[in-house]
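Heads up, the thing below is written out as C-alpha cells.
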Amino acid sequence: MAVASSDTAIRTGRFTRTLIYVVLLLFVLFYILPLYIMIVNSVKPLSEITGGGMMSLPSAFTIEPWAKAWSTAQVGVEPTGLRPYFWNSISMVVPAVAISTVLGALNGYILTKWRFRGDTILFGLMLFSCFIPFQIVLIPMAAILGVLGLSGTTAGLVLVHVVYGVGFSTLYFRNYYAAFPTELVRAAQIDGAGFFQIFWRILLPSSGPIIVVCVIWQFTNIWNDFLFGASFASGNGAPMTVALNNLVQSSTGVKEYNVHFAGAILAAMPTLLVYIVAGRYFVRGLMAGSVKG
Amino acid sequence: MNKVIRTLKLTTAAAAFSVSAAYAEDVEVLHWWTSGGEAAALNVLKQDLETQGIGWQDMPVAGGGGTEAMTVLRARVTAGDPPTAVQALGFDILDWGNQGALANLNDLAAQEGWDEVVPEALQFFAKVDGKWISAPVNVHSTNWVWANKSVLDANGIAVPETWEDFVAAVETLKAAGITPIAHGGQAWQDATVFDAVAMSAGGPEFYKAAFIDLDEETLGSDTMKEAFDRMAFIRDNVDDNFSGRDWNLATAMVINGEAGFQMMGDWAKGEFLNAGKVPGEDFLCFRFPGTQDQVTFNADQFMMFDQGGTVSQEQAALASAILSPSFQIAFNKVKGSVPARTDVDGSELDACGQQGMKDLAAAASSGNLFGSMAHGHAAPASVKNAVYDVVTAHFNGEYDSETAVLELVDAVSIAK
Amino acid sequence: MGFLDINNVTKSYGSVEVLHKVNIAVEEGEFLVLVGPSGCGKSTLLNMIAGLEDITSGEIRIKDARMNGVHPSNRNIAMVFQSYALYPNMTVGQNITFGLEMHGVPKAEREKAMADVAKLLQIEQLLDRKPGQLSGGQRQRVAMGRALVRNPDVFLFDEPLSNLDAKLRVDMRTEIKKLHQNLGTTIVYVTHDQIEAMTLSTRIAVMNGGYVQQLGTPKEIYDTPSNLFVATFMGSPSMNLIRTTIRIEGVAVYAVTQNDRGEEVRLALCAPLDAIKSYDGKDVILGIRPEALTDVEGADHRSSHIESIRNTVTVTEPAGSDTFVATTIGGAECVARMRADAEVLPGQQAEFAFNMEKAVVFDPESENRIL
Amino acid sequence: MSTAAEADFKTRLQNWIPKLVLSPSLAMVLIFVYGFILFTVYVSFTDSRILPFVDKDGQRTFDLIGLANYEKLFKLSHWEIALTNMAVFAGLYIVVCTLIGLTLAILLDQKIRGEGFLRPLYLYPMALSFIVTGTAWKWFLDPGIGLENIVQAWGWENFEFDWIKNRDFAIYTVVLAAVWQTSGFVMAMFLAGLRGIDNEILKAAQMDGASNWNLYRRIIIPQLRPAFLSAFVILAHLAIKTFDLVIAMTGGGPGRATELPATFMYSYTFSRNQMGIGASSAVIMLITIAAIMIPYLYAELKEKK
C-alpha cells in the first residue's frame, strides 16, 4: 500500500508545480504564525511586549522566561514552576493512553472477529459516546468517583480518560481490524490458539500503524485536557494543563506574557514531539484502516 | 460479582486510608490566586499555619475570576470530599451556606470578636442565619478611576468631581488626540464600569433599589436609561480596539500615556507599581466622579466547609489566621485591596491604600458601602450574569439605551 | 458409518436456514469435493466440519466421535484457506510450527516435523522468509505444509487454488492429487470450479441452495446428473438442453423437436418404455453433452444408437484439439464438439450426430432426471 | 444454540471470553455516558441551582418543575444567539476544514519535495491546547497590534482587518482559528485516502484523455468517500465540543457574539448557578447531536454488516 504511493500517476507542468509550492508554503506560513508569536514573545523581556512589540523579533533576547516557567513561576502558593506538574501529567497520560488503547484494540478485535448478535448496536452505542459534551458529565462523574473513593487521585483521572477515550480507540481498531483477514483468525483457531493468543500473536504484531494513530490521538487529547484535570485531580496531583492555566489565567494579577508563552510551549512539548516523531507513521496508519470506513 | 465488589471496596479503602494517613493534619485550600503577588501573599498564610504544625494542601484553579474554581468545587462537593476552605465571592458563599454545606464558625467569631471589626455590609456575605460561615480576607473597592498624571497635567485637566467634569475632561483628551478612556471589552469589565456609572447617575438609593433589591420599576426607570446613555458616551470614547482586551493591557495604556483614564478596581494599582510608578506622582487614583462618598466593594473570603459537623482545630486555626491583623495587612499590601477588618493599622499601605481604608471606614459608618453588582456582591450570580448580558450587549452596540432598559427588566426577571 | 459422518446437519442464521439436513458419509482416504456456486452453503459446511461455525442441528462425527461443540483445535483436522491465511508477522518456519507450538509439542519435535514437511513440499529454502516475500505458489505450499505438519485425520481445503493463475493452478492441482495418493489422507475440498472437482475427487457433492443436489463419483455426476442444476453446473461447455415432446409409437420412444427451419425432427430414445410411459405427449428436456453431439464421422462408433439432424451452423470456435460448433435446435442454442478438421462453416448446413446412449431426459417441472 | 450445552471447555471459554472482555467497556459506556445523560435529563426537569443537592436527611433541596427550564431557555435571546452561532460555526468549520484539508492533500500528493518536512508543520496545531494558542490568535487578529497593524506599517494604510472586534464577524475568526487547528489533521486523512487509490485506474483515465482537473473531479474525489465520512465524524464532534477556543479567544464576545451552546451550557451550569437551565440546554444539544449522528451511524454500520 505504501509502495503504491511513491508513484502517483498525475503529471504536472513546471508552472503548475511552482504554483503548488507557493500555495504549500503560504499554508506553512498560516500554520506557523501562532507558533511564531508564541516563540518570539517567550524570549523577550515583558516590557518589550507590553510596550507594543508583540509581532516583532526580540531586541533583547532572553531565556529567562523559560527558566521561570519551568522552575520558579508561581502556579500555586509555592513558586514551583511547571516542573512538578509535568510528571503528574506523565503519570496520568501513560496509563490512560495504554489502557484505552488496549481496551480499544480488544474491543475492535471482538467486534470484528468474534461477532455476536447485537454487536453492531453495541458498537453504535460506544461510538455515539464520543460525542457527549464533557461539561455535562462533571457532576455525576464526581459523584461516582466519590463513591469509588477515587476522587482527587491519579487513578480516578485515569479512569475518566479511559472512559471517554475508549469510544474513539474502539472506532480506530474496529475499522482497522475489519480489513484484517478473518481467515487468519480461523487458521489460528484450528492451530489451537486461544482468544488472547490469537490477539497477542497474530493481530497485535500487525497493528503497528493503527496503534500509532490511536496513541497519538489519545495522547494529544488526554494531555491537553483541562476540564477533567482541574475537576478531578488534587492540587498537588494536578496535570500540566491545570498548572499552565493557573500560570496564564489570573484575573487581578500582573500578566507575564513571556512566561505564559514559554510555559505554553513547555506544556505542548510532549505532544509536539509525538507528532514530529510519529507523524510519518501517522498518515501511514490512517491509510491502513481508519479512513477506509 | 460480590467478590468483585468486595475487592473493589478493599482497594478503595486502602487508597482512602493512605491519603488520610498522609495528610491528617492538613488543611486543603481551593483558590484562584495564582499570579505572582497574590500567591506569594497567600504563602504568608501557609507559613503561618506551618508554624502551628498544620500542613497546607494547595489547590489552585485559576481562570474566569473564580469560575473554574467554582466548577471544581462542585465536583469536589459532589464527590463527598470538599476542601477545608474555598476562596469565594459574595452570593456564591450564601448559596453554599444555604445548602447547609458550610461550617458554623460562631464560637471562633465570638472568641475573636469578628462582629465588631468586620463592616456590616461585609458580614452580610459571611453569615447565614446568624452563623459565621466564612472568613473575609479583604475588601476591593471597584469604583476607582486610574489616571496618568502627566497626561492630565499636559492637558490642563484637574481631577473631575462630577460627571460633567468628566465629560469635559474626556472631550479635552479626545481633542488632543489621546484615547480618553482605556477599556477592555470583556463582560465583567463593562459591568464594572456600569456599576460606577449607575451609582453616579442615580445615587446610592437608586443603586440599592435597582441592583440589590432588584426593584422592577427602578430597573426600568429613566434614570437607568440615563445610566445606559452615559455608558454609550464612554463607549464612544474608548479606542476602536477595546474588545476582548485584558484589563491589564488597558492599564498599560494608561501607564504608557496612550490613554487618560481607566475605570477599574483597586487591583489595577499592582500594575502601576509593578511598572515602577509612584501613586500621586506618576498616576492618580480617585473615586468615579459622582461617587466620592460611596464605595462599591467586593470581598474575597474563604468559606469554611463543613467537615462532619464540627469545626476542626486546623480549620479554626486557618480562619483565625486569615482574620489576624498581621495577615490582613501583609496580604492587602500586595493585593492592592484593603483589610476586611477596619481596626488594623494601615500605615504600612501606600497612599491609595490608605485612602481606600479611610473611604471604606467612612462609607461603612455612613451606610454608603454597597456590594458591587459586577462582582457578585449585589445580587446572585444568575442576576449578575443577566445584567452582564444586557450591559455588554448594549456596550457593543447590539441595541440602544431604551431597548437596553427593557432587556434589563426582562433578563433580571427571568434570572431571579 | 464412515470416517467422517455428516448426519442431518442443518445451519440457520436467525430464522434463515442456509443448510438443510445434509447427509454425507466420507470413508477414510476419500477425497470428497464440495462443489457449487457461491452462496450454496459449501463453505459453511466446511466451516462446520472445522468447528468454525456452530451446528444448528444434526451432528458431525469424525472417527465415530461426536464433534458438535468440540473446539476446532481438538478435532484433529487441518485446513488450507483460500487466501492461505499465513500469519504475516511470522516466518514460514514459524507459520508451519505455530499449531504444534500451541499444542505444546516440544521444540525438537517441532523442528523435525517442520524439516520433514519442508522437504516433502520442497520449501526448505523458504523457511526463514516472511509470507510477504513469497510468490503465490510458494504461499500455497507453505499453507499446505502448515496443514500437513499436524498430521490430521481430515484435511479441509477451502478453494485453495482460486487465487493462482491458470497455469499454476493446473500444476498445484496435480500436486495435491499426488499428495493425496501418496499420503492417503482423508480430504474434504471446497471449490466452485467443476474441473477441479472432476479431476481431484474420489466423490463429489454438488450443492445448491443449501441442499446436496447429488453425491457420487465424478463419473456418476457427469454422466447421470440427477437434475438440471447438476447437469448444467458440471461440465464445460455445459450440457445442451433441448425442449422436446415425448411421443410413444408402439415400443419406440421419440423426443420430438424442431430444427432451425421449423421442421419437426424426431430423436429416438433408447429407453425402457415403462420408465417414460407416463410422459407420452408431454414436454421434457433432452440433455446431451457437447461431446455426444458431433459430426457424423466423429461420432462414437461403439455407440449402438446415433441419430442425426441436418441443421445450420451459426458459429464455429476452433479450440485446437476440437472445434466447437453452435447451432439452434428446438429454439435452444446447442454446442457440438466436432473433430478439429471437421469441415463446417458458419451459415452452412451440417450434419449433427446425436449419441443417444449418452442422452438424458429431465422433467421440466421437477427438473429431476427421468432417464 | 442447541450445541452450546454440549460444547467442550475450550469452546465454551471461547464463546464467553469475548463478551467478558467487552463487558467492562460496555459497562463504562452505559454508566458514564448513558447513565449520565439520563441524569442530565432528570436535572433539566428540576430547579437545581448550585447542585442537585440532597441534604443530610435525604431530603431534596430542589423541586421537579417539569418543562419550565425549557420554556425559559427558549425565551433567552442568549440561547438563540448560541444556536445561530453553532450553525454558522459548525457549517463553516466543517466545510472549510474539508476544503483546505483536501486541497493540501492533493497538492502534497504531487510528488512534492520536502513532504516529510511540510507534513508535520501542517499537523502540529492539533498537538497544542487552546489555553494559550488562543492568546496568540487573539493578538494576531487584534487590529491594534496584529495583522492590521503590521500591514498598515508596511504602507497599506487602508488595510482593515478588525473582525475579532466586530460583532458581525467575530464568529468567523473563531472559525479561522478552529480551522487552523484541525485542517492539518483532515489533510492527513485525505492524504491517506489518496495514497490508497489504485494508480492503474488513474493511468487508465489518463489514457482516456482526462485532464488533471477531471481526473480529480470525476475519478479520485468520488473514491475518497470513506475519508470524507471519517473527516465528517471527527469534525462534527470537534465542532460540538468547541469550548476552550472560544473561552481563550473571545470569551464569547464582543458582547455575546461568539457564544456557542457549549459555552452557554457551561456558564449557566457553573457560573450562573442555574444548573436546571444548563442541563436543559445540554439536553437540547444532545438531541441535536443525536439527530445528526444517528442516521449517519445507522447508514455506516448497516452498510458494513
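The values are calculated or read from the model by the stated rules, or taken from the named source; none is laboratory data. Note that this is a predicted model, so its numbers are computed, not measured. All Cβ positions, glycine included, derive from the backbone under ideal geometry; neighbour counts span all protein chains shown.
Just a few scattered comments:
- In the set C:Ala326, C:Ala340, C:Ala336, only one residue is of a type in the set (A, V, I, L, M, F, W, C) and touching a residue at least 40 places away in the same chain (Cβ under 8 Å); that residue is C:Ala336.
- Scanning the stretch C:20-61 for residues that are closer than 17 Å to C:Gly2 by Cβ, in a strand (DSSP E or B) and of a type in the set (Val, Ile, Thr) turns up C:Val22, C:Ile24, C:Val26, C:Val33, C:Ile60.
- Qualifying residue in the stretch B:67-90 (condition: in contact with a Gly (Cβ under 8 Å, 6 or more places away or on another chain), among the acidic types (Asp, Glu) and either crowded, with 24+ Cβ neighbours inside 10 Å or touching a residue at least 24 places away in the same chain (Cβ under 8 Å) (or both)): no
- Residues located in the stretch C:189-202, provided they are touching a helix residue (DSSP H, G or I) at 6+ places or on another chain (Cβ under 8 Å) and either modelled with pLDDT of 95 or more or not in a loop (DSSP other than H, G, I, E, B) (or both): C:Tyr189, C:Val190, C:Thr191, C:Gln194, C:Glu196, C:Ala197, C:Met198, C:Thr199, C:Leu200
- For the stretch B:344-388, residues that are of a type in the set (Ser, Thr, Tyr) and within 14 Å of the chain's Cα centre (by Cα) total 1.
- Count of residues meeting criterion [more than 7 Å from chain A (Cβ to nearest Cβ) and under 30 Å from B:Ala415 (Cβ atoms)] in the stretch D:16-36: 0
- Checking each residue in the stretch C:169-189 for being aliphatic (A, V, I, L, M) and out of contact with any Pro (no Cβ under 9 Å at 6 or more places or on another chain) picks out C:Val170, C:Leu179, C:Leu183, C:Ile187, C:Val188.
- Selection status of A:Glu48, away from every other protein chain (no Cβ under 11 Å) and either of a type outside the set (Phe, Trp, Tyr) or surrounded by fewer than 17 Cβ atoms within 10 Å (Cβ to Cβ) (or both): yes
- Filter result (among the charged types (D, E, K, R) and assigned to a loop (DSSP other than H, G, I, E, B)) within the stretch B:232-277: B:Asp239, B:Asp240, B:Arg245, B:Asp246, B:Glu258, B:Lys277
- When the stretch B:50-102 is filtered for residues that are within 12 Å of chain A (Cβ to nearest Cβ) and of a type in the set (Gly, Ala, Ser), the ones remaining, listed by number, are B:Gly55, B:Ala62, B:Gly63, B:Gly64, B:Gly65, B:Gly66, B:Ala69, B:Ala75, B:Ala79, B:Gly80.
- Applying the criterion of being hydroxyl-bearing (Ser, Thr, Tyr) and within 17 Å of D:Ser48 (Cβ to Cβ) to the residues of the stretch D:252-272, the residue that is modelled with the lowest pLDDT is D:Ser271.
- Of the residues in the stretch A:63-83, at least one is within 23 Å of D:Pro125 (Cβ to Cβ), in contact (Cβ under 8 Å) with a residue 12 or more places away in the chain and outside any helix (DSSP H, G or I).
- Test: B:Phe370 is more than 14 Å from chain D (Cβ to nearest Cβ), modelled with pLDDT of 90 or more and under 28 Å from B:Gly260 (Cβ atoms): yes
- Looking only at the stretch A:146-174, and only at residues there that are more than 24 Å from A:Ile211 (Cβ to Cβ) and touching a strand residue (DSSP E or B) at 6+ places or on another chain (Cβ under 9 Å), the one that is farthest from the other protein chains (Cβ to nearest Cβ): A:Gly156
- Residue in the stretch C:108-122 that is at pLDDT below 90, in a loop (DSSP other than H, G, I, E, B) and not small (Gly, Ala, Ser) present: yes
- Residues located in the stretch B:101-113, provided they are of a type in the set (Gly, Ala, Ser) and farther than 26 Å from B:Trp33 by Cα: B:Ala110, B:Gly113
- Meets criteria (away from chain B (no Cβ under 11 Å), in contact with a Phe, Trp or Tyr (Cβ under 9 Å, 6 or more places away or on another chain) and crowded, with 24+ Cβ neighbours inside 10 Å) for A:Ala262: yes
- In the stretch B:100-144, the residues that are within 16 Å of the chain's Cα centre (by Cα) and either over 24 Å from B:Gly353 (Cα atoms) or assigned to a strand (DSSP E or B) (or both): B:Ser134, B:Ala135, B:Pro136, B:Asn138, B:Val139, B:His140, B:Ser141, B:Trp144
- Flag if C:Ala255 is touching a Leu at 6+ places or on another chain (Cβ under 8 Å) and in a strand (DSSP E or B): yes
- For the stretch A:209-222, the condition holds for at least one residue, the condition being that it is aliphatic (A, V, I, L, M), farther than 30 Å from A:Leu145 by Cα, crowded, with 24+ Cβ neighbours inside 10 Å and modelled with pLDDT of 85 or more.
- Test: D:Trp79 is surrounded by fewer than 21 Cβ atoms within 10 Å (Cβ to Cβ) and more than 9 Å from every other protein chain (Cβ to nearest Cβ): no
- Residue that is modelled with the highest pLDDT, among those in the stretch D:112-151 that are more than 27 Å from the chain's Cα centre (by Cα) and acidic (Asp, Glu): D:Glu115
- Number of the condition not met by D:Thr103 [criteria: (1) touching a residue at least 24 places away in the same chain (Cβ under 8 Å); (2) at the interface with chain A (Cβ under 9 Å from one of its Cβ atoms)]: (1)
- Odd one out for D:Cys97, checked against (1) farther than 15 Å from A:Phe30 by Cα; (2) more than 12 Å from every other protein chain (Cβ to nearest Cβ): (1)
- Flag if B:Asp266 is modelled with pLDDT under 90, touching a Lys or Arg at 6+ places or on another chain (Cβ under 9 Å) and surrounded by 24 or more Cβ atoms within 10 Å (Cβ to Cβ): yes
- Residue within the stretch D:281-304 that is of a type in the set (Lys, Arg), within 8 Å of another protein chain (Cβ to nearest Cβ) and outside any helix (DSSP H, G or I) present: no
- Filter pass, D:Ser230 being closer than 30 Å to D:Thr46 by Cβ, touching a Ser or Thr at 6+ places or on another chain (Cβ under 9 Å) and either touching a residue at least 40 places away in the same chain (Cβ under 8 Å) or surrounded by 19 or more Cβ atoms within 10 Å (Cβ to Cβ) (or both): no
- Test: residue in the stretch D:208-216 that is under 24 Å from A:Arg280 (Cβ atoms) and either part of a helix (DSSP H, G or I) or more than 8 Å from every other protein chain (Cβ to nearest Cβ) (or both): no
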